[in-house]
Amino acid sequence: MANNTTSTSTSTRSASATTAHSATSTSAPSNNAPNTLYHDGDIAFLILCTALVLLMIPGVGFFYSGLSRRKSALSLIFVSILACAVTSIQWFIWGFSLSFSRNFASSGFIGTLSNVFFIGILDQPVVEKPHKIPDLLFALYQSLFSAIAVVLAAGAAVERGRLLPCAVFMFVWATLVYDPVACWTWNPHGQGGWAYAMGVLDFAGGTPVHVVGGCASLAYSMVLGKRKGHGTHELNYRPHNVASVVVGTVFLWVGWFGFNAGSALAANLRAVVAATTTNLAAGVGGITWCVLDWRLERKWSAVGFCSGVVAGLIAITPGSGFVPVWAAVPFGILGAGLANYGTKIKFLCNIDDALDTFAVHAVAGLVGNILTGIFASKDIAHLDGVTLIDGGWLDHNWKQIIFQLAGSFAGGVYSFVMTALIVFALDHIPGLSLRVSEAAEVMGIDDSEIGEFAYDYVELMREVGIDGGGAGSIMDGVGETGSMFSNTQLRQQQQQVGRSASPTAVAGARTFTREDTKDSGVVYGGGQTSFYQ
């Protein structure tokens, strides 16, 4: 094994699997009084971290919702919490067993079904020393990691995907993609997963969550096809609700303390280092992305800052419990900087990755994995008292970066190929076609699939006749974007299509779709109809 361990029963290489490297217990119930096996402080700590990770899931939903167009804003929030429900059920049925079963398949690829329905893990400790937490709590904690990866993959259906096939995709994808990658990265039992045995360092999910989720989103987007109007002015729009993006970022930033620090599985000094590096990388990443955007636009973009925060958080994830605090600075700079430039990849591939999930998550995750191979320190890893690793370049372990690259590319390629196959297969099953009709897409996923809206005025404007019909106008799609043009530009466009000064003054006049009124008094109230002057 690559790591310099005294035995596989006393060391841990991956935080989410700190399960690991200690003596594994059997699946039979313990003869000891259950509560005497555990440390109450560590249990309380991990329960709190579990709640924080749960907060990240709607955080992703609000972040993506703000980036989208308002006619599909609710669907993205709904998909995020739907993913949590579907994945929790899948994890209970067989996801945990396939990822972390003690009776491990000899292939090093995937676990067995020995712990389906959480059989045999009720009062068993994850490891008897030093992390005295029950395996059942670890299973709950890890289920939310799976849910986040599923949200990232399913987010590719934004503004054009049906919800029922998306829900089926979540279950199948978690089983065939996330569970094997989590197993080979983190499962310590038996000979361990092949990446784990090789010595790949991944503290909290750089590959299983972010690289895998980002590549899956790219594949889903490729098979699903482009949104109506892709490549035209119709989709050249700004986020419809920047406040929602900021709220989502706050949820993610707070939740990430549970995501990274909690992966130590104990309230110890290693968890403190993980929390500190997480916070520092987020701040550095936000400022880096913001500066890069200012260089081009001379504007201090709030969306750019939020994107950078998320990229910094993603980059530090695999190394947060392995690297010294100061290393969070290069993680934040390079993670956010390269993710910023990674947003161009979708144009090179001609794929409509609407939310830049690949650029932010896969690229930043890959950067974080590589930097972990450089900055990993055996001293930091041993702060929990048991973990023994060879470290990275800081400890003259030059081959560690090769292991990191192997783990990253294996996870990314496997995810992309398997996701494309899953989506293609589902699309050819009767009743599970992935994409809504063109009319439903123009109407918006909120209306066509949910029948409810994120904003009351979306439905109100339709009732009072502001919603337009038909297509083909030079203004078609501008209303979808809302903020693509200034009010002056919109009035100029309005004159070109013969719009009157009042939305209902001329019978038969071509009306704009509901989002054209984003800046009008009809939307925001106040009795001002400045748009229709």
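The values are calculated or read from the model by the stated rules, or taken from the named source; none is laboratory data. Quick caveat, the model's predicted, so the values are computed rather than measured. Ideal geometry is used to build each Cβ from the backbone, glycine not excepted, and the neighbour counts take in all protein chains shown. Remember, those area values only see protein heavy atoms, side chains included, never the ligands or the DNA or RNA. Shrake-Rupley method; radii C 1.70, N 1.55, O 1.52, S 1.80 Å.
Near the amide H of T387, within less than 5 Å, lie the amide hydrogens of T12, all on another chain or at least 5 residues away, with H placed in the peptide plane.
Here segment 241-294 is treated as a Stokes sphere of Kirkwood radius computed over C-alpha pairs; at 20 °C and 1.002 mPa s its diffusion coefficient rounds to 175 µm²/s. In segment 336-386, the ratio of gyration radius to Kirkwood radius, Rg to Rh, stands at 1.23 when only Cα atoms are counted. For segment 383-446, list log₁₀ I(q)/I(0) at each q in 0.21, 0.24, 0.29 Å⁻¹, using the Debye formula over Cα point scatterers of equal strength and ignoring solvent, two decimals each. Taken in order of the listed q values, log10 I(q)/I(0) reads -0.96, -1.02, -1.09. All other residues whose Cβ lies under 15 angstrom from that of C349 are scored, Lys and Arg at +1 and Asp and Glu at -1, for a net of 0. What would the Debye formula give as log10 I(q)/I(0) at q = 0.14 Å⁻¹ for the alpha-carbon point model of segment 246-327, no solvent? Per q value, in the given order, log10 I(q)/I(0) is -0.45. Report, to the nearest whole %, how much of the accessible area of segment 44-138 belongs to carbon and sulfur atoms, 1.4 Å probe, protein only. It is 79 percent, rounded to a whole number. The amide H of G199, built 1.01 Å from its N in the peptide plane, has A2 as neighbours under 5 Å, considering only residues 5 or more places off or on other chains. Per-residue surface analysis assigns F45 an accessible area of about 40 Å², computed on protein heavy atoms at 1.4 Å probe radius. Across the accessible surface of segment 209-318, with the other protein chains kept in place and a 1.4 Å probe, carbon and sulfur atoms take up 67 percent. Under 5 Å between amide hydrogens, built in the peptide plane, is the criterion, and for G161 it picks out V436 among residues at least 5 positions away or on other chains.
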